[in-house]
Each structure stands twice: as structure tokens, then as C-alpha cells.
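Below you'll find the structure, written out as C-alpha cells, and then a few comments.
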Amino acid sequence: MNLSRIALFSVLMFSLVLGFSASAAELDDRHALEGVKTGKAVFDIASGNPKAIVTILGIVDETIDGLKQQGVEPHIVVAFRGPAVRFLSSDSAVIPPEHAATAMELADRVEQLAARGVRVEACGITTRMMKIDPAKLIKGAHPVANTFNSLIGYQTKGYALIPVF
């Protein structure tokens, strides 16, 4: 009796997974993107959690793919400020040892995004306050004077603000 319940449960779970896969393939953003030729967004990253940042950068990458698949040209900026800036440093003394491996993964993601045309900015106020040398930022990261100014400028230019905390 238990074996048949397990088999039935397995069949039901498999069916659900197939059902979700089929419906996920049908999902799109057609309604929101109707008539849109260019998708401009600035992701405001202020998290001190490098694993969360790596996840968000993966979602940024997926967002670019989604826009392109739907005929929209992406223009993406990722602005790092506050505790998030620490993880843009190539100076290992700035990164807590328990986050070293994740910081390396984050650096790879930033480099990949930069290669796709994403502009990654690091707040100069934060680098000054945290004593991070702007010259030692990872490949693909650009120091700016103040990411609040950047956020104001990009929003004024029509970029959608996507806050990430």
C-alpha cells in the first residue's frame, strides 16, 4: 500500500512539474512591452549580502535575455552603493574572509554583464567612507562621485529605477 502511494505521489509531482514547465514556456511580457523598442533600467544595489547580489546580477542577466527575446533593446545600469560597494573591490583586505568565494563569483558576474554592455557603477562616497581605493575596483566596475546623482540622472533620462535592498 505504501509503495502505491509513493508511486501515485511521484506521478502527481511529475505531472505538476510538467504542467508548470509548459505554462512557464508560455509566459511573456507582451502586454507591458507592447510598443516598447528600448528598455532602460537602473538597478540600485545597496545590499551587504554578496550571495543576494550574485542572485540579483543573475536576474539582471535574465532580464537582458528576456528583453531581447521580446524585441526590446536593453540599456542597463547597475549602481552599487553602501555596503554593496565592498564587493566590487579587488583588494582582498576589504572583503570579509567568509565572503571571499562569493566575491569572486560576483566579480565574474560583473565582468560578464559588462561584456554584455551593462554599466556597473560604484559609489565614490562609499569608497571614500570605507577607505576602498577606486583604482582597485574589479574589472567592469566604474567609480562615480555619488550614485544618488547617477540615480537622479538615469531616472531623468527615462531609466526605470529598480531598487534592490
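Readers should treat all values here as calculations from the given coordinates under stated rules, not as data from a laboratory. This one's a predicted model, so the numbers in the text were calculated from it and none came from an experiment. Quick reminder, even Gly has a Cβ in these numbers, built from the backbone with ideal geometry, and neighbours come from all protein chains shown.
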Scan segment 62-163 for GluC sites (Glu not before Pro) in coil per DSSP, keeping those whose Cβ has at most 15 other Cβ atoms within 10 Å, and list them by number.
none
Output wanted: per-residue J couplings in Hz (rounded whole) for segment 67-78, from phi through Karplus 6.51 cos²θ - 1.76 cosθ + 1.60, θ = phi - 60°, x for Gly and Pro.
5, 4, 4, 9, x, 10, 7, x, 10, 10, 10, 10
From the backbone phi of segment 116-132, what are the Karplus-calculated ³J(HN,Hα) couplings (6.51 cos²θ - 1.76 cosθ + 1.60, θ = phi - 60°) in whole Hz, Gly and Pro given as x?
8, x, 6, 8, 10, 10, 10, 5, x, 5, 5, 4, 5, 5, 8, 6, 9
Go through 140-153, 28-41 and give me the packing order, highest mean Cβ count within 10 Å leading.
140-153, 28-41
Computed over all unlike Cα pairs, the Kirkwood hydrodynamic radius of segment 71-161 in Å stands at 13.6
Under-5 Å amide H pairs with residue 75, H placed in peptide plane, nonlocal only:
39, 40, 41
5 angstrom amide H check on residue 47, placed H, neighbours 5+ away
84
Would you mind checking the pairs 40/131; 131/157; 51/139; 37/157 and listing those with alpha carbons more than 21 angstrom apart?
40/131; 131/157
Can you tell me how much longer the chain between residue 65 and residue 27 gets when fully stretched, taken as 0.36 nm per residue apart minus their C-alpha distance, in nm with one decimal?
12.3 nm
Residue 142's amide H: which non-local residues (gap 5+, or another chain) put their own amide H closer than 5 Å, with H modeled 1.01 Å from N in plane and none for Pro or chain starts?
120, 121, 122
Largest-first principal axis extents, alpha carbons of segment 32-108, Å
48, 20, 17
Using a simple spin-label model with points 7 Å from Cα along the Cα→Cβ vector, what separation in nm is obtained for residue 34 and residue 165?
3.3
